[in-house]
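Presented below is the structure to which this report refers.
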Amino acid sequence: MRNLFEECGYSRFEIEDKVIDSWNQIFDQKNPNHFYFESDDGMGYMEDTGNDDARTEGMSYGMMMALQMNRKDIFDRIWKWARTYMYLEEGPMAGYFCWSNGVDGKKNAGGPAPDGEEYFAMALFMASRRWGDGEGIFNYTEEGRAILRVAIHGEQKMWFDNHLIRFVPNCPFTDPSYHLPHFYQLFAECADEADRPFWKAAAEASRSYILKACHPQTGLAAEYAEDSGSPLPDRFPDGSKLPWGQHNTFFSDAYRVAANIGLDALWFGTSPEYSKIAANIICFFDGKALEDLHDYKVDGTQLKKLARHPVGLLATVAEAALALGPDAPAKDKEAAKRAVQRLWETPMRTGRRRYYDNCLYFFAVLALSGKYVMY
């Protein structure tokens with residue numbers, strides 16, 4: 001796997017130390033910055049410290065992190081907690097996972113957020129390939145297949161016939177950061193055999209969608225968007241506000257698009273289109289200080305609010321460097337090198353909002369060190 005940190009001049013010893021330290025900041029119970037917690041019943045959970053809950057986003061992220069670090073014990077603890085407290089046994093959303101639970105396990109919602117389901121499924125399939133299947137809920141392959149089965153065949157679908165993921169089941173719009181074509185390409189190898197053509201088509205559809213969702217000059221995508229790729233309007237035609245509020249700007253969810261194209265390029269190779277998007281994103285943020293990062297319209301217009309997760313944003317910009325093609329202009333390569341070095345020199349976040357930033361940070365560290373492996 002490509003090691004972009006090494007290409008930027010860092011030693012293998014320094015890189016290994018960076019990976020281990022980043023892991024410990026999240027998972028070491030003695031580290032004051034951690035947000036992974038264990039209980040005496042053989043379970044564990046990832047706390048969203050900014051919202052005082054456990055979310056399928058973070059739980060599935062934690063499983064993927066544990067998988068990459070070969071920590072089956074932690075992987076199984078998180079999966080057992082999710083399966084025990086988050087799994088929806090009945091009702092119209094049966095087979096999915098409650099997107100938010102109290103840290104005591106109590107459900108805060110009656111439905112899922114699809115980014116959790118797709119990460120759960122991918123982590124489970126990779127766990128099967130790395131460690132083999134067990135019994136019951138630890139039959140990783142069957143558990144992953146069950147998630148995807150309900151996602152495309154259930155009454156409340158997470159993917160429509162156009163092969164584009166929904167923001168929530170049966171929703172008329174999507175979230176560009178939910179599009180993970182590199183996952184879908186692997187789903188086409190691991191899902192129920194009859195569904196494999198669907199996932200192959202989903203990978204192609206999402207790669208095409210990302211090109212439409214990213215602004216042609218800045219590379220920025222909106223947090224929520226139409227299936228056309230256009231930012232989702234925040235008002236009805238009559239001028240009244242939509243119930244989901246204003247999410248048509250480059251905000252927290254949207255940071256992940258840059259990371260997604262970086263990881264897709266790491267696993268399956270880049271393309272001229274990906275390279276252009278990566279260069280646009282990297283150059284847009286080149287020279288911007290951490291404390292000066294804001295929310296933006298997708299055309300780059302700066303909004304008043306400062307970025308809620310600036311460390312996570314810098315991490316995803318650095319990870320986008322993996323999508324930069326070998327024929328990219330020298331100025332873009334230099335900007336990419338600065339983005340990687342800026343991440344290296346930026347410490348992980350502390351305090352209440354550290355959860356989301358540090359998840360994105362650790363994923364970027366894994367990818368840039370060549371340790372985010374496709375099993």
- Item | Contacts under 9 angstrom Cβ, first residue in the range 82-110 being within 15 Å of GLU47 (Cβ to Cβ) and open to solvent by 20 Å² or more (accessible area, probe 1.4 Å), partner assigned to a loop (DSSP other than H, G, I, E, B) and among the aromatic types (Phe, Trp, Tyr), 6 or more apart | ASN108/TRP99
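Quick one: which of PHE183, PHE160 is touching a residue at least 12 places away in the same chain (Cβ under 8 Å) and aromatic (Phe, Trp, Tyr)?
On the way: PHE160 fails: touching a residue at least 12 places away in the same chain (Cβ under 8 Å).
None of the others qualify; the one that does is PHE183.
Restricting the search to the range 210-227, which residues are out of contact with any Phe, Trp or Tyr (no Cβ under 9 Å at 6 or more places or on another chain) and open to solvent by 40 Å² or more (accessible area, probe 1.4 Å)? Even if it seems obvious, please write down each step before you answer.
Restricting attention to the range 210-227, the residues satisfying the condition of being out of contact with any Phe, Trp or Tyr (no Cβ under 9 Å at 6 or more places or on another chain) are 212-214, 216.
The answer is LYS212, PRO216.
Can you find, within the range 338-375, the residue that is nearest to TYR119 (Cα to Cα) among those that are assigned to a loop (DSSP other than H, G, I, E, B) and β-branched (Val, Ile, Thr)?
In the first step, residues of the range 338-375 are kept if they are assigned to a loop (DSSP other than H, G, I, E, B); the result is 346-353, 369-375.
Right, trim to β-branched (Val, Ile, Thr) and you get 346, 350, 373.
Working: THR346: 27, THR350: 25, VAL373: 14 Å.
My answer is VAL373.
Determine which member of the set VAL311, VAL365 is among the β-branched types (Val, Ile, Thr) and touching a Pro at 6+ places or on another chain (Cβ under 9 Å).
Numbers: VAL365 fails: touching a Pro at 6+ places or on another chain (Cβ under 9 Å).
Of VAL311, VAL365, the one residue that is among the β-branched types (Val, Ile, Thr) and touching a Pro at 6+ places or on another chain (Cβ under 9 Å) is VAL311.
Residues of the range 151-191 being acidic (Asp, Glu) and open to solvent by less than 40 Å² (accessible area, probe 1.4 Å), which ones? Let's see the steps before the verdict.
First pass over the range 151-191, keeping only residues acidic (Asp, Glu): 155, 161, 175, 189.
Hit for the range 151-191 is ASP175, nothing else.
Among the listed residues ALA279, ALA321, ALA335, which satisfies the condition of being part of a helix (DSSP H, G or I), modelled with pLDDT of 95 or more, buried (at least 21 other Cβ atoms within 10 Å of the Cβ) and more than 21 Å from the chain's Cα centre (by Cα)? Walk me through it before giving the result.
Numbers: ALA279 fails: more than 21 Å from the chain's Cα centre (by Cα); ALA321 fails: more than 21 Å from the chain's Cα centre (by Cα).
Answer to the check: ALA335.
With respect to TYR61, determine if the residue is touching a Gly at 6+ places or on another chain (Cβ under 8 Å) and either among the polar types (S, T, N, Q) or buried (at least 16 other Cβ atoms within 10 Å of the Cβ) (or both).
Values: touching a Gly at 6+ places or on another chain (Cβ under 8 Å): no; either among the polar types (S, T, N, Q) or buried (at least 16 other Cβ atoms within 10 Å of the Cβ) (or both): yes.
No: the conditions fail for TYR61.
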- Candidate set from the range 11-41 (those that are part of a loop (DSSP other than H, G, I, E, B), open to solvent by 30 Å² or more (accessible area, probe 1.4 Å) and touching a Ser or Thr at 6+ places or on another chain (Cβ under 9 Å)); member that is farthest from ILE74 (Cα to Cα): PRO32
- Taking only pairs six or more apart or across chains, which ones have beta-carbon atoms under 8 Å, a first residue in the range 314-333 that is over 11 Å from GLY262 (Cα atoms), and a second residue that is in a loop (DSSP other than H, G, I, E, B) and open to solvent by less than 10 Å² (accessible area, probe 1.4 Å)? LEU314/LEU293
- Only unsatisfied item for TYR140, checking (1) open to solvent by less than 30 Å² (accessible area, probe 1.4 Å); (2) under 20 Å from the mean Cα position of the chain (by Cα); (3) at pLDDT 95 or above, is (2)
- For the range 282-311, the count of residues that are buried (at least 22 other Cβ atoms within 10 Å of the Cβ) and either assigned to a loop (DSSP other than H, G, I, E, B) or modelled with pLDDT under 95 (or both) equals 3
- Query: Of the numbered conditions (1) in contact with a strand residue (DSSP E or B) (Cβ under 8 Å, 6 or more places away or on another chain); (2) at positive phi, GLY136 satisfies every one except a single condition; which is it?
  - Reply: (1)
- Scan (1) surrounded by fewer than 21 Cβ atoms within 10 Å (Cβ to Cβ); (2) farther than 20 Å from TRP267 by Cα for the single condition ARG130 breaks and write down its number. (2)
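The values are calculated or read from the model by the stated rules, or taken from the named source; none is laboratory data. Predicted model, so just to flag it, every value in this text is computed and none were measured. When we count neighbours, we look across all protein chains shown, and the Cβ atoms used for this are built from the backbone with ideal geometry, even at glycine. Surface accessibility is based on the protein's heavy atoms, side chains included, excluding ligands, DNA and RNA. Shrake-Rupley method; radii C 1.70, N 1.55, O 1.52, S 1.80 Å.
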